[in-house]
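Before any comments, here is the structure.
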Ligand code: CTP
Ligand code: MG
């Protein structure tokens with residue numbers, strides 16, 4: 001008989017305010033190439049044979065919009081929940097994990113792996129996703145990323161350079177980041193028990209709370225996060241190439 005496939009859930013984060021981008025529409029809902037930014041990543045998960053279900057996290061006031069104008073309009077059928085996020089990114093992840101827990105009891109099935117993705121990264125592709133899914137089975141905690149191109153300097157609060165790390169060991173972390181569920185749930189449960197600052201990705205949570213180092217998996221230089229207005233120009237030129 002067929003070996004039972006392990007279960008993968010993708011969490012797509014779209015609850016941010018986009019303060020660095022500015023403007024009245026949050027960046028994940030701005031249109032590039034005629035579609036809202038967040039739709040691109042949702043379509044990659046929708047078409048991936050590895051991914052079983054999708055949880056979309058957004059602002060409490062954007063849930064209806066997302067259901068109608070994103071999920072229904074673009075046919076993202078794997079979506080099992082559109083839930084409200086929190087003030088900080090890690091709080092949005094926490095909300096998604098709580099949603100996932102209640103879904104697990106309804107579905108009477110646990111998840112083996114959870115992938116967390118920034119809805120503001122539209123250029124994820126199937127190859128990147130495949131590499132990540134293959135790695136997480138072996139390593140339990142994996143992060144897409146790329147080696148940095150510039151030399152990186154660590155400074156003190158006054159901007160004085162304190163360290164110049166070896167460039168060949170410095171990576172820029174991207175998303176998705178993928179974790180065994182048995183690691184990710186307890187990591188966030190622990191995190192939420194204390195006051196927390198400066199958490200900018202999920203690998204940090206797993207490292208800090210569980211003492212487990214994630215493994216870097218090659219993403220792509222095109223897997224940018226739309227963050228500031230010039231990123232929209234870069235995104236449009238990537239789309240024009242395709
Ligand atoms: N995000 C989220 N909930 C938050 C903050 C961020 O779901 N409370 C999401 C964003 O929507 C984005 C991703 O996490 O897809 C990465 O965050 P970031 O680029 O920092 O987005 P914003 O927080 O929206 O932007 P800014 O920091 O400039 O305000
Ligand atoms: Mg932010």
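The values are calculated or read from the model by the stated rules, or taken from the named source; none is laboratory data. As the structure is a computational prediction, the values presented were derived from the model and not from experiment. We place every Cβ from the backbone using ideal geometry, glycine too, and count neighbours over all the protein chains shown.
To keep it simple, each residue is scored yes or no on (1) free of Cβ contacts under 8 Å to residues at least 12 places away in the same chain; (2) within 16 Å of ligand 2 (Cβ to nearest atom); (3) within 15 Å of the chain's Cα centre (by Cα).
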residue: 8; (1), (2), (3): no, no, yes
residue: 13; (1), (2), (3): no, yes, yes
residue: 33; (1), (2), (3): no, no, no
residue: 39; (1), (2), (3): no, no, yes
residue: 50; (1), (2), (3): no, no, no
residue: 54; (1), (2), (3): no, no, yes
residue: 61; (1), (2), (3): yes, no, no
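So residue 124 passes all but one of these: (1) surrounded by fewer than 19 Cβ atoms within 10 Å (Cβ to Cβ); (2) outside any helix (DSSP H, G or I). Which condition number does it fail?
(1)
Cβ contacts < 9 Å: first residue surrounded by 16 or more Cβ atoms within 10 Å (Cβ to Cβ), restricted to region 195-223; second residue at pLDDT below 95, any location; separation 6+ or different chain. Result?
Here the result reads 204/198; 205/196, each pair linking region 195-223 to a residue that is at pLDDT below 95.
Only one of 140, 110, 101, 78 is under 16 Å from residue 181 (Cβ atoms) and surrounded by 16 or more Cβ atoms within 10 Å (Cβ to Cβ); which?
Numbers: 110 fails: surrounded by 16 or more Cβ atoms within 10 Å (Cβ to Cβ); 101 fails: surrounded by 16 or more Cβ atoms within 10 Å (Cβ to Cβ); 78 fails: under 16 Å from residue 181 (Cβ atoms).
Just one listed residue meets the conditions, 140.
Could you tell me which residue of region 18-39 is surrounded by the fewest Cβ atoms within 10 Å (Cβ to Cβ), considering only residues that are within 9 Å of ligand 1 (Cβ to nearest atom) and at negative phi?
Residue satisfying both the conditions and the ranking: 19.
What residue, among those in region 84-135 that are away from ligand 1 (no atom under 16 Å from the Cβ) and in contact with a helix residue (DSSP H, G or I) (Cβ under 7 Å, 6 or more places away or on another chain), is nearest to residue 233 (Cα to Cα)? Full working, then the answer.
Of all residues in region 84-135, those away from ligand 1 (no atom under 16 Å from the Cβ) come to 101-113, 125-135.
Then keep just the ones that are in contact with a helix residue (DSSP H, G or I) (Cβ under 7 Å, 6 or more places away or on another chain); that gives 110-113, 125-126, 129.
Working: 110: 41, 111: 38, 112: 38, 113: 34, 125: 20, 126: 23, 129: 25 Å.
So the residue we want is 125.
Using the structure shown, decide if residue 157 is more than 23 Å from residue 229 (Cα to Cα) and in a loop (DSSP other than H, G, I, E, B).
Values: more than 23 Å from residue 229 (Cα to Cα): yes; in a loop (DSSP other than H, G, I, E, B): yes.
The answer is yes for residue 157.
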